[in-house]
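Undergrad: First the structure, then my questions, so here it is.
The values are calculated or read from the model by the stated rules, or taken from the named source; none is laboratory data. Everything quoted here is computed from the prediction, not taken from an experiment. When we count neighbours, we look across all protein chains shown, and the Cβ atoms used for this are built from the backbone with ideal geometry, even at glycine. Keep in mind that these areas ignore ligands, DNA and RNA; they rest on the heavy atoms of the full protein, side chains included. Shrake-Rupley method; radii C 1.70, N 1.55, O 1.52, S 1.80 Å.
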Amino acid sequence: MEGVIIRLTEEKDIHEMAELDKICFRVPWSEVSFASEIKENERALYVTAEADGKVVGYAGMWVIFDEGHITNVAVHPDFRGRHLGRKIVEFLIAEGEKRGVSSQTLEVRPSNAAALALYRGEGFCEEGRRKGYYEDNGEDAIIMWRRITER
Ligand SMILES: CC(C)(COP(=O)(O)OP(=O)(O)OC[C@H]1O[C@@H](n2cnc3c(N)ncnc32)[C@H](O)[C@@H]1OP(=O)(O)O)[C@@H](O)C(=O)NCCC(=O)NCCS
C-alpha cells in the first residue's frame, strides 16, 4: 500500500500499539504487556506498519524452536480492506523464517470473518477447536496451522 512501511517493531511503537489495540480488540493488551513483550520476551517477534510516522498495524509471533505462535494481528480501521493485514502477516512469516520458523499457528474466533479470510489466504488450515476459549463471550477458538508441507 502506498505510503505504508512495514518493519520490525521498535520500543518507540509501544504506546501507539496499545492505543491501536483499544480500537481493534474487545480485550486489548495493556501498554505494560506490549512493553514486556517487546523489551523483555526474547522469543517475541513483532512487526509494525507505519504510515506518516504513525502505527497503523502490527502483528506478533512467539518463536518456539521451529514453530511460530502468532499472538495478534491488527490493522487500523481506516486502513482495512486494502491487503495491509495480508502484507503484515507475510512480513511476519518471512521474518520468522529467517529465525528458523517453518510452521505457524494461531487461534481465531469463528465469528471473525476478516481474520479467517486473511489466514486461509495465507495457507492456514483449521486443525482443531478450543471450547469456550474466549473469556469475554465464551466463544470457541479455531486453531489454525500453516505447515511447510502445505506450501
Ligand atoms: C483481521 C484484520 C487484521 C484484517 O486486516 P485487513 O488489512 O483489512 O485485511 P486484508 O485487506 O489484508 O484482507 C485479507 C483478506 O480478508 C478479506 N476480508 C477483509 N475484511 C473482510 C471481512 N470483513 N469479511 C470477509 N472477508 C474480509 C479480504 O477480502 C482479503 O481476502 P482476499 O485477499 O481474498 O481479497 C483487521 O480486520 C483487524 O485488525 N481486525 C481487528 C483485529 C482482529 O480481529 N485481528 C485478528 C485477531 S485473530
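Conditions tested, residue by residue: (1) among the hydrophobic types (A, V, I, L, M, F, W, C); (2) surrounded by 12 or more Cβ atoms within 10 Å (Cβ to Cβ); (3) under 22 Å from residue 87 (Cβ atoms).
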residue	(1), (2), (3)
9	no, yes, yes
13	no, yes, yes
33	no, yes, no
39	no, no, no
44	yes, yes, yes
63	yes, yes, yes
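Undergrad: In region 121-151, what count of residues is obtained for those that are out of contact with any helix residue (DSSP H, G or I) (no Cβ under 7 Å at 6 or more places or on another chain), part of a strand (DSSP E or B), open to solvent by 40 Å² or more (accessible area, probe 1.4 Å) and not acidic (Asp, Glu)?
TA: Going through region 121-151 one residue at a time, the tally reaches 2.
Undergrad: Say whether the condition of being within 16 Å of the ligand (Cβ to nearest atom), touching a His at 6+ places or on another chain (Cβ under 9 Å) and open to solvent by 80 Å² or more (accessible area, probe 1.4 Å) is met by at least one residue in region 20-29.
TA: Yes.
Undergrad: Enumerate the pairs (first residue in region 100-118 and closer than 17 Å to residue 87 by Cα; second residue anywhere and open to solvent by less than 20 Å² (accessible area, probe 1.4 Å) and away from the ligand (no atom under 13 Å from the Cβ)) with beta-carbon separation below 7 Å, excluding pairs fewer than 6 apart on the same chain, so at least 6 apart or on different chains.
TA: 104/68; 104/93; 104/96
Undergrad: When both residues are 6+ apart or on different chains and their Cβ atoms are under 9 Å apart, which pairs have a first residue that lies in region 6-29 and is under 22 Å from residue 112 (Cβ atoms) and without any contact (Cβ under 8 Å) to a residue 60 or more places away in the chain, and a second that is of a type in the set (Phe, Trp, Tyr) and not in a loop (DSSP other than H, G, I, E, B)?
TA: 17/34; 17/46; 17/58; 18/34; 20/58; 21/34; 21/58
Undergrad: Could you check region 66-120 and list, in sequence order, the residues that are within 6 Å of the ligand (Cβ to nearest atom), open to solvent by 50 Å² or more (accessible area, probe 1.4 Å) and part of a helix (DSSP H, G or I)?
TA: If the condition is that a residue be within 6 Å of the ligand (Cβ to nearest atom), open to solvent by 50 Å² or more (accessible area, probe 1.4 Å) and part of a helix (DSSP H, G or I), then 86, 113, 114, 117 are the ones that fit.
Undergrad: Taking region 46-61 on its own, how many of its residues are touching a residue at least 12 places away in the same chain (Cβ under 8 Å) and exposed (fewer than 15 other Cβ atoms within 10 Å of the Cβ)?
TA: Result for region 46-61: 2.
Undergrad: Name every residue in region 37-65 that is closer than 28 Å to residue 148 by Cβ, part of a loop (DSSP other than H, G, I, E, B) and over 15 Å from the mean Cα position of the chain (by Cα), in order of residue number.
TA: 41, 42, 65
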